[in-house]
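A short worksheet on the structure shown next.
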Amino acid sequence: MSMILSASVVRVRDGLPLSASTDYEQSAGVQECRKYFKTLAKRLSQLPDRCTLQTGRYNINFISSLGVSYMMLCTENYPSVLAFCFLDELQKEYISTYNMMKTNTAVRPYCFIEFDNFIQRTKQRYNNPRSLTTKINLADMQTEIRLRPPYHISLSDLGSANGYAHISLPEYKGTGKISTAPHQRLEPVTLSGIVSFVLSLLCGALNLIRGFHAIESLLQDDREDFSYVLAFFLGTAACLYQCYLFVYCTGWRNIKSFLTFGLICLCNMYLYELRNLWQIFFHVTVGAFSTLQIRLRQPQGKSADYNV
């Protein structure tokens, strides 16, 4: 009998499970597929946004969007168009129920486990296809799958099937390996991200203004220390670079953000005599907040030429 066995909602950037169905079959084959689930979840950011893994008697299908992946396990003869319609329904309901800020800041596994209620209801509907005839448009999904078919992951891509497998980066539609370079799109901007961006610009502007004032003081008094001018302008550059890292995807992005925050701290320590504690606290706090937002806003994991 063709049917959907289980489904999960997973965060793309780190594979954190956000919700999952709880009544999946306990057979040895299904348990083996659960290991594939975990392996795929850890590498979602390196895979295309629509994939299928065939594992003999079972298939794993998933779609990824806005930093969240929707995964499902079904029997091998379950229609592909119904599988992706099912995932599309999960995606629409999840997006309408939870905002991206909650998703990005979640730290506990299965923190949205109440979403399982919707997964279970939808799974029951899709396991009885006769009840779907008036509720979904199969023609639209069939057209979409024909125009942009899912990438088929092979078991050789997974390596060994012991749950500690390594996924080699697949090629997608003959266009080369999936990129983690600057061409990748980042997750949507949240309200806290916009606030951190604006505050970083403000700190950069304040450093720039103080830097010009320091130059004026230096021209009027030869005893003024030029290193203060340098510290102000380095602080400006660090704040602007944090804005750049927040907007664009670059290599070693997280490490660069931590190094930039370190430079902000060093500049403010050096300017201790020219700023009071509240001013230093403000600049360092904004730098830390911006670093956190850069860390939270991760690539979506789509191929570099996805929209070409």
**Study point:** Conditions (1) surrounded by 13 or more Cβ atoms within 10 Å (Cβ to Cβ); (2) in the same structural domain as residue 18 (by the TED database); (3) at pLDDT below 90; (4) touching a Lys or Arg at 6+ places or on another chain (Cβ under 8 Å); number of the one not met by residue 76
**Key:** (1)
Practice item. Could you please find all residues in segment 253-272 being farther than 17 Å from residue 234 by Cα and free of Cβ contacts under 8 Å to residues at least 24 places away in the same chain? Key: 255
Practice item. State yes or no: is residue 295 closer than 30 Å to residue 69 by Cα, surrounded by fewer than 17 Cβ atoms within 10 Å (Cβ to Cβ) and either without any contact (Cβ under 8 Å) to a residue 60 or more places away in the chain or among the polar types (S, T, N, Q) (or both)? Key: yes
Point to revise | Filter result (modelled with pLDDT of 90 or more, more than 16 Å from residue 204 (Cβ to Cβ) and in contact with a helix residue (DSSP H, G or I) (Cβ under 7 Å, 6 or more places away or on another chain)) within segment 250-269 | key: 256, 258
Point to revise | Leading residue by the ranking (least open to solvent (accessible area, probe 1.4 Å)) among those in segment 33-59 that are more than 18 Å from residue 17 (Cα to Cα) and not in a strand (DSSP E or B) | key: 48
**Study point:** Those residues of segment 218-233 which are more than 15 Å from residue 273 (Cα to Cα) and open to solvent by less than 70 Å² (accessible area, probe 1.4 Å), in sequence order
**Key:** 218, 221, 233
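The values are calculated or read from the model by the stated rules, or taken from the named source; none is laboratory data. Nothing here was measured: the structure is a model prediction, and the numbers come from that model. With ideal geometry, Cβ positions are generated from the backbone for all residues, glycine too; neighbour counts draw on all protein chains shown. Ligands, DNA and RNA are excluded from the accessible area calculation, which covers all protein heavy atoms including side chains. Shrake-Rupley method; radii C 1.70, N 1.55, O 1.52, S 1.80 Å.
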